[in-house]
Amino acid sequence: MSKTAKNPAAKTAKNSADTAKTAKNLARNSRIPIGACLADIKPKIDYPLIWEYTIFVPLDRDEKELIASTLGICEHKLTASNKNAKYKSFKLNLLVRSENERLEIFAKLKAACAFVL
């Protein structure tokens with residue numbers, strides 16, 4: 001029987017060391033700096049593209065009127081997603097040409113809808 005099999009604490013320490021080595025190897029292979037927060041890493045998005053927002057609208061609001069008043073006349077696809085006692089949700093797909101435009105649309109939707117994802 002090996003020493004680590006007799007001593008569970010040694011086995012746990014060895015597993016922790018192996019996990020740390022694996023994390024370092026993953027970071028090295030993916031070119032992510034060790035200790036970097038994944039939230040700080042910005043994904044590369046190629047524009048223009050169709051972006052999907054999920055919007056939650058109160059039951060008493062008309063979603064088509066809300067989109068028209070918020071975004072004006074723009075080509076989009078609105079698909080019903082779900083409904084509960086307070087809200088109805090929709091998938092909103094539309095063409096965005098840049099990161100600034102995508103964020104502006106998000107801000108407008110956030111101001112007009114109950115929730116936006």
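The values are calculated or read from the model by the stated rules, or taken from the named source; none is laboratory data. All of these numbers come straight from a predicted model, not from anything done at the bench. Here the Cβ is made from the backbone with ideal geometry for all residues, glycine too, and neighbour counts use every protein chain on show. Just the protein is used for accessible areas: all its heavy atoms, side chains included, with ligands, DNA and RNA removed. Shrake-Rupley method; radii C 1.70, N 1.55, O 1.52, S 1.80 Å.
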For this session: Can you give me the number of residues within region 90-117 that are of a type in the set (V, I, T) and within 19 Å of P48 (Cβ to Cβ)?
Result: 2
Exercise. So I67 clears everything in (1) outside any strand (DSSP E or B); (2) modelled with pLDDT of 95 or more except one condition, right? Which one?
Worked result: (2)
Exercise. Which of the residues belonging to region 47-64 are exposed (fewer than 11 other Cβ atoms within 10 Å of the Cβ) and free of Cβ contacts under 8 Å to residues at least 24 places away in the same chain?
Worked result: D60, D62, K64
Exercise. Do we have E75 as surrounded by 13 or more Cβ atoms within 10 Å (Cβ to Cβ), of a type outside the set (S, T, N, Q) and farther than 14 Å from F56 by Cα here?
Worked result: no
For this session: Of the conditions (1) of a type in the set (A, V, I, L, M); (2) surrounded by fewer than 12 Cβ atoms within 10 Å (Cβ to Cβ); (3) modelled with pLDDT under 60, A13 clears all except one; give me its number.
Result: (2)
Seminar exercise, completed: Condition set open to solvent by 70 Å² or more (accessible area, probe 1.4 Å) and closer than 30 Å to C113 by Cα, scope region 16-46, selection modelled with the highest pLDDT: answer is D46
